[in-house]
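Chemist: One structure, pasted below without further comment.
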Amino acid sequence: MSVTLRRARRGRVSVLAAALTVLALSVSACSSGTSTTPAGETVQIDVGTDTPVSAATPLRVAVALPGTNNSYLQAQIEQVKSDIAKIPGAEVTIFDGKFDPTTQFNSLQTIIESGKYNAILLPSLDSNLNCKVATEQAPAKNIVVVAMTTALCGRTVNEGEELWAPGTLSYVGGLDTVDYWTDYLEYVIAKNPGPQKVVVLKGPDNIGITINLDAAIEKVTAEHPEFEIVAQANTDYSIPQGNEKATDMLQAHPDASIIFSAYVTLTQGAVQAVQAAGRTGDIKIYDKGSSKYSIEQLEAGTIEASAPEYPRTTISSALQQVVDAFDGKAPVRFLKNSGAPLPADAEEGTGFFVITKDTASSFTPES
């Protein structure tokens, strides 16, 4: 079956509903995972190197987030605090990277040198800057690291198991790889045959998600010159910047026919810009994130499709890997689809699928 036909099958309500029922159970299971290792004991944890991490209980988790200024990150903070509260004696501290790679790097140094923590959950801003601190310095201090969303040590451009970096416990993600973004862009092209003028809203230019999106854009536009990217803009993922950049691009390119948004906060800004320009219904918007806002806009017909993100499942799955490791269980190095289940007709390989107006009511957003 062709790629286009396979994608045309996406969004079957019954399949998606079943998958999301499993997802709800999965999040619940992760959230209720309780370490059975007695407090004060030392556990040898395999991080894929010659030297295991000798981690002492109880669990002390540092979450080094890239920022705290959007619904995705707020959902993760809420979820990890809820999960930690169910683990006797465990504690969690949130560090705000303020979407600045140096700030996040300095936070990691503080975490490691403080001696207060034995686990780090890390959605890294800079794959290379944080490489040694996560894969060498942390394990040397008997701290286990789980990478989330952005792979470490230049592995962000990889796929599958190659996203995991030795020296860390696991990698949870796979929703922002080059192939995943390529699948999404090709979906948009299949739904919009013929010449198109496209503006793209992206995140910061130095993070793996954006690097991968840029690579996918280059690949897809070389193969489909009719899909013309007339403008692109980097942002800090905030609604105001999404609105500002979208407004500027639409003014500069009044013939733009598609807005491709890398995250839902940018989509919110883009919708505002389209409405202000009086172009609602005239320009198609494709979203990433599938938040409550995304679902509302899909049902209203304001946006065409949304590819999902799972902030709560991602961080619950990452924490569960740490809990399992402290209980002596073998690690799972790569958790595809951020640990969430997939509908049966998701794209083979990447797991890509979209939510549309027809299937929006069957999807439960996590932010």
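Chemist: Given the residues 77, 94, 112, which is the only one that is in a strand (DSSP E or B) and at pLDDT 95 or above?
Modeler: Within the list 77, 94, 112, the selection yields 94.
Chemist: Also, quick follow-up: Quick one: in the range 336-367, of everything that is among the acidic types (Asp, Glu) and out of contact with any Phe, Trp or Tyr (no Cβ under 8 Å at 6 or more places or on another chain), which residue is most open to solvent (accessible area, probe 1.4 Å)? Working first, answer last.
Modeler: Residues of the range 336-367 among the acidic types (Asp, Glu): 345, 347-348, 358, 366.
Those still in the list that are out of contact with any Phe, Trp or Tyr (no Cβ under 8 Å at 6 or more places or on another chain) too: 348, 358.
Details: 348: 168, 358: 122 Å².
This residue is 348.
Chemist: Examine the range 40-56 for a residue that is open to solvent by less than 10 Å² (accessible area, probe 1.4 Å), at pLDDT below 95 and in a loop (DSSP other than H, G, I, E, B), and state whether such a residue exists. Talk me through it step by step, then tell me what you get.
Modeler: So the first thing to find is which residues in the range 40-56 are open to solvent by less than 10 Å² (accessible area, probe 1.4 Å), and the list is 45, 47, 53, 55.
Now restrict to residues that are at pLDDT below 95: 55.
With in a loop (DSSP other than H, G, I, E, B) added as a condition, the list becomes none.
No, there is no match, as no residue in the range 40-56 is open to solvent by less than 10 Å² (accessible area, probe 1.4 Å), at pLDDT below 95 and in a loop (DSSP other than H, G, I, E, B).
Chemist: Let me ask something additional. Take the range 143-173 and flag every residue that is at positive phi, open to solvent by 10 Å² or more (accessible area, probe 1.4 Å) and touching a helix residue (DSSP H, G or I) at 6+ places or on another chain (Cβ under 6 Å).
Modeler: 153 - this is the single residue of the range 143-173 that is at positive phi, open to solvent by 10 Å² or more (accessible area, probe 1.4 Å) and touching a helix residue (DSSP H, G or I) at 6+ places or on another chain (Cβ under 6 Å).
Chemist: Going by the conditions given, is residue 135 more than 30 Å from residue 241 (Cβ to Cβ) and either open to solvent by 10 Å² or more (accessible area, probe 1.4 Å) or in a helix (DSSP H, G or I) (or both)? Break it down stepwise before answering.
Modeler: On the way: more than 30 Å from residue 241 (Cβ to Cβ): yes; either open to solvent by 10 Å² or more (accessible area, probe 1.4 Å) or in a helix (DSSP H, G or I) (or both): yes.
So residue 135 fits the description; yes.
Chemist: Another question, if that's okay. Which one is surrounded by the fewest Cβ atoms within 10 Å (Cβ to Cβ), of the residues in the range 277-335 that are closer than 30 Å to residue 195 by Cα and among the basic types (Lys, Arg)?
Modeler: The selected residue is 279.
Chemist: With the requirement that a residue be assigned to a loop (DSSP other than H, G, I, E, B) and more than 18 Å from the chain's Cα centre (by Cα), what does the range 170-200 give you?
Modeler: Scanning the range 170-200 gives 192, 193, 194, 195.
Chemist: Still on this model: Cβ-Cβ under 8 Å, sequence separation 6+ or interchain: first residue in the range 71-85 and on the phi < 0 side of the Ramachandran plot, partner aromatic (Phe, Trp, Tyr) and part of a helix (DSSP H, G or I). Which pairs?
Modeler: 71/293
The values are calculated or read from the model by the stated rules, or taken from the named source; none is laboratory data. Everything numeric in this text was worked out from a predicted model, so none of it was measured. Ideal geometry is used to build each Cβ from the backbone, glycine not excepted, and the neighbour counts take in all protein chains shown. Surface areas here come from the heavy atoms of the whole protein model, side chains and all, with no ligands, DNA or RNA. Shrake-Rupley method; radii C 1.70, N 1.55, O 1.52, S 1.80 Å.
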